[in-house]
Structure formats: C-alpha cells, structure tokens
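Worksheet: one structure, shown below.
The values are calculated or read from the model by the stated rules, or taken from the named source; none is laboratory data. The shown structure was predicted, so the numbers you read here are calculated from the model rather than taken from an experiment. Here Cβ is always computed from backbone atoms with ideal geometry, including for glycine, and neighbour counts include all displayed protein chains.
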C-alpha cells in the first residue's frame, strides 16, 4: 500500500511506519497520542507519548519545519490530532492509518518517553 490522503491528511501504513522507525529521518517525529495506560500496555520502542488531550497546551513545542507522524489505537484519534494540527497551521502532519491494532512490529511495555512540556517536545527532531 502506498500513502494516500484522507480529509487532506497524509496516511501511512505499517510497512511505511516500520521503515521510519528503523531509519529515523531528521525532521520526522513519531508521536503516540493514546492514553498513558494504553501506551504502557504496549508501544513502539523509542516513540514518545503525548496524550491527545495535552496537545493544545503543548502547541508551542511543535516546530512547523518538522513532520509529525501521529499514532493511536485504531487511527481515529491520530487522524483527529492531525486535523487539529493542520487547523493550527502545521502542514506537515501524517496519520498512521490503522493504528496500533494494525502494528505487527516490535512493541515495548511500561513507561519510556512521556512528553509533558513544550521544552521536552522541542528536543524531538
């Protein structure tokens, strides 16, 4: 499957996300927008958590030059986050279509990276 757009938001599939996780690109930031308990039950290693409901208060930490790839359980919340970001002037947003339900790569349990401030978010490039 090749990336496609839905409601003006670029969508990527599991294979494309695996490639990005394996070979991170500067300026592309993958963010998990689920809740803490969902993240700790299993997330993609190295991917930080930034729960959807905290994003409005952390907008100052996002960089318009970066591309953000959002992940959730099924692809719905991350799509909504992508739309929200676009409405706020961030054009480089991508949704992981299918979410963690479709992810068949490595996962890690427990806490890893939890972004709680704009300053922490700025460190992810």
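The table below lists the values:
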{"item": "Failed item, numbered, when residue 46 is tested on (1) touching a residue at least 12 places away in the same chain (Cβ under 8 Å); (2) more than 14 Å from the chain's Cα centre (by Cα); (3) surrounded by fewer than 16 Cβ atoms within 10 Å (Cβ to Cβ)", "result": "(2)"}
{"item": "Condition broken by residue 73, with the remaining ones in (1) more than 18 Å from residue 120 (Cα to Cα); (2) touching a strand residue (DSSP E or B) at 6+ places or on another chain (Cβ under 6 Å) satisfied", "result": "(2)"}
{"item": "In segment 76-88, the residues that are buried (at least 22 other Cβ atoms within 10 Å of the Cβ) and touching a helix residue (DSSP H, G or I) at 6+ places or on another chain (Cβ under 6 Å)", "result": "81"}
{"item": "Residues being part of a loop (DSSP other than H, G, I, E, B) and under 19 Å from residue 36 (Cα atoms) - total across segment 61-93", "result": "4"}
{"item": "Some residue of segment 97-104 being assigned to a helix (DSSP H, G or I), in contact (Cβ under 8 Å) with a residue 40 or more places away in the chain and over 25 Å from residue 23 (Cβ atoms)", "result": "no"}
{"item": "Positions within segment 3-27 being in contact with a helix residue (DSSP H, G or I) (Cβ under 9 Å, 6 or more places away or on another chain), farther than 16 Å from residue 107 by Cβ and either modelled with pLDDT of 95 or more or in a loop (DSSP other than H, G, I, E, B) (or both), in sequence order", "result": "3, 7, 8, 9, 10, 11, 12, 13"}
{"item": "Matching residues in segment 49-74 - criterion: being surrounded by 20 or more Cβ atoms within 10 Å (Cβ to Cβ) and in contact (Cβ under 8 Å) with a residue 60 or more places away in the chain", "result": "49, 50"}
{"item": "Filter result for residue 37 (part of a helix (DSSP H, G or I), at pLDDT below 95 and surrounded by fewer than 16 Cβ atoms within 10 Å (Cβ to Cβ))", "result": "no"}
